[in-house]
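Encoded as structure tokens, the structure appears first; notes follow it.
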């Protein structure tokens, strides 16, 4: 698992933390979240120097995107694991925007490489506290479910676990 995937999982865990769930599910989420918190925080810390770039990038998007009849940027909100993302209309495939974006990136090249290297780094394999699918809340979105899939105990794993529990008794 890459560190960027770990972060998506962490964000999805934060999102379901605000939903009423079974005690077993809440316990598993809390336990798993605490296991990865340090690595996720380190990744977020590494991105901090790029905050200035991101502000400039958003300003460029606002400047160059399609505008409505009142001159306001046209946007669309998309759901991603752990939250929502604003997409500016008319940016995709805009060669002038792409050129200006590349110019904007130039002074941040080394920082981008460092963050990308960190995001793509394989992280330690974790011994996850697995969760049965039926314990997941009914209100869960597909984006959050996708991020949390490594935590789902498959039916055959559940049967094996139940057999082990029966042997211990």
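The values are calculated or read from the model by the stated rules, or taken from the named source; none is laboratory data. Source: prediction; values computed, not measured. Note: ideal-geometry Cβ built from the backbone for every residue, glycine included; neighbour counts use all protein chains shown.
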**OP:** Test residue 38 against the stated conditions and say whether it is under 28 Å from residue 13 (Cα atoms) and either touching a residue at least 40 places away in the same chain (Cβ under 8 Å) or exposed (fewer than 12 other Cβ atoms within 10 Å of the Cβ) (or both).
**Re:** yes
**OP:** Mind checking which helices (runs of 4 or more DSSP H) fall wholly inside the stretch 41-123 and carry at least 1 residues that are within 22 Å of residue 14 (Cβ to Cβ) and touching a residue at least 60 places away in the same chain (Cβ under 8 Å)?
**Re:** 109-119
Original post:
So, of the residues in the stretch 142-154 that are more than 14 Å from residue 9 (Cβ to Cβ) and touching a strand residue (DSSP E or B) at 6+ places or on another chain (Cβ under 9 Å), which turns out to be modelled with the highest pLDDT?
Top reply: 153
**OP:** Name every residue in the stretch 1-19 that is in a helix (DSSP H, G or I), over 15 Å from residue 84 (Cα atoms) and out of contact with any strand residue (DSSP E or B) (no Cβ under 9 Å at 6 or more places or on another chain), in order of residue number.
**Re:** 4, 5, 6
Original post:
Only one residue in 54, 66 is surrounded by fewer than 16 Cβ atoms within 10 Å (Cβ to Cβ), under 29 Å from residue 105 (Cβ atoms) and out of contact with any strand residue (DSSP E or B) (no Cβ under 9 Å at 6 or more places or on another chain), so which one is that?
Top reply: 54
Subject >> the stretch 97-112: number of residues that are more than 13 Å from residue 56 (Cα to Cα) and touching a helix residue (DSSP H, G or I) at 6+ places or on another chain (Cβ under 7 Å) >> reply: 2
Original post:
Limited to the stretch 20-31, what total is found for residues that are in contact with a helix residue (DSSP H, G or I) (Cβ under 6 Å, 6 or more places away or on another chain) and assigned to a helix (DSSP H, G or I)?
Top reply: 3
